[in-house]
1. Using a probe of 1.4 angstrom, how much of the accessible area of the range 66-205 is carbon and sulfur, in percent?
2. Rank M1, M16 by accessible area, highest first, at a 1.4 Å probe radius?
3. Just the number: Rg to Rh for the range 250-340, Cα atoms, Kirkwood Rh, two decimals.
4. List the lysines whose alpha-carbon lies under 27 Å from that of K41, not counting same-chain residues fewer than 8 positions away?
5. Averaged per residue, what accessible area in Å² does the chain show with a 1.4 Å probe, protein chains only?
6. Give the cross-link partners of K276 among the lysines, using a straight C-alpha distance below 18 Å as the criterion and excluding same-chain residues fewer than 8 apart.
7. Calculate I(q)/I(0) for the chain by the Debye formula, one identical point scatterer on each C-alpha and no solvent, and give its log10 at q = 0.09 Å⁻¹ to two decimals.
8. Counting only complete DSSP H runs, which helices of the chain cover 15 Å or more along their long axis at the Cα atoms and score a mean Kyte-Doolittle of -0.5 or above?
Amino acid sequence: MLDLRSDTVTKPSEKMRKAMYEAEVGDDVYGEDPTVNKLEKLAANILGKEDALFVTSGTQGNQIAGLVHCKPGQEVIMEAQAHIFLYEAAALSAFAGVQIKTLEGDNGAMKLGDVEAAIRGDDIHQPETGLICIENTHNKAGGAVIPLENMEKIYQLSKKLGIPVHLDGARLFNASVASGIPVKEFAKYTYSVQFCLSKGLGAPVGSMIAGSSEFISQARKWRKRLGGGLRQVGVLAAPGIIALEENIKHLEQDHENAKQLAEGLQNIEGITIENKVETNIILLDITKSNTTTEHFVNYLKEQNILAGPFGPNIIRFVTNNSITKKDIDNVLVAVQKIVNR
Ligand code: TLP
């Protein structure tokens, strides 16, 4: 099976498995797991933040950030197709007690004027704006890189008003590799960042959140409250270290494969590529192909290819480290066959 449903499907390499086996461990709730401590220090350094924390998933990282930054009854601003809004089971409302205000973005980027207009005033009827969230790369916008200048502008506004900015950087390293801008530069315009180790970077489990020492000490408590204080978790942190030290450069290949796939798909009649394909995500519009997303996905599966429906008439392909250049040709042949049928 060629699995293009997501980059979450990547499996740990032999080197990662060996590192897990050999990891030096201790009780992380006591702060005594040397491998976790090494990973947290490494992540903080890469992002240019004071401290970082290993969390179980991207969803948990985003939730903890919301819980630290917000009080119940506040409002959080984010783009209308943000993962936190669409795919986290309303966890911010359920746990942090906030409501979400969504803004229609341009290729995933919220406009400064819209953010400014959405910020609440002192009126007794209104909630306070507690947080602004940005997603980079933006998943629903097809892995779009949110421009650094956009992040800077929103950050300057937030700083003026004393409202924190959280970055859902599940695929921040894809944004960095595609734009040539170090992750530190993106992180500079945030109060907290979440990024995933278990997507394109290839680790089996986990995300990191990073911010000031004060933010991380509160985040550590929230993680404990949520039952995420783990013990000899160095076995899971060890592949995370390899992900950061060795796998960032491999994202370039995922991006090249995505571009090659998109170029090939564009030449198939009945198929339209919805997005610009800046990173590792391709959104296929199959409206003109005379089939449904359900059938399309099933036909692909019959040919040993997995992809996921991602909206009405949209199929998402995500290149990842299990997909080679040669596999791309096989996907193109399969899609052509479906369209012919
Ligand atoms: N995204 C998954 C699905 O949940 C849609 C995927 O396959 O793309 N932020 C962003 C931008 C994400 O894309 C995801 C996962 C998360 C957060 C959550 O990460 P996990 O799955 O580790 O909780």
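The values are calculated or read from the model by the stated rules, or taken from the named source; none is laboratory data. Being a predicted model, the structure only gives us computed values, none of them experimental. Note that we place each Cβ from the backbone using ideal geometry, even for glycine, and neighbour counts take in every protein chain shown. In case anyone asks, the SASA skips ligands and DNA or RNA and just uses the protein heavy atoms, side chains included. Shrake-Rupley method; radii C 1.70, N 1.55, O 1.52, S 1.80 Å.
1. Details: 2740 of 5420 Å².
C and S fraction of accessible area: 51 percent.
2. So, going from the largest accessible area down, we get M1, M16.
3. On the way: Rg = 11.9 Å, Rh = 12.9 Å.
The Rg/Rh ratio comes out at 0.92.
4. Within reach: K11, K15, K18, K49, K159, K184, K188, K199, K221, K224, K249.
5. Accessible surface, normalised per residue, equals 44 Å².
6. Correct list for K276: K140, K259.
7. Ignoring solvent entirely, the Cα scatterers give -0.49.
8. Sorted by number, the helices that extend far enough and score high enough are 34-47, 58-69, 234-246, 325-340.
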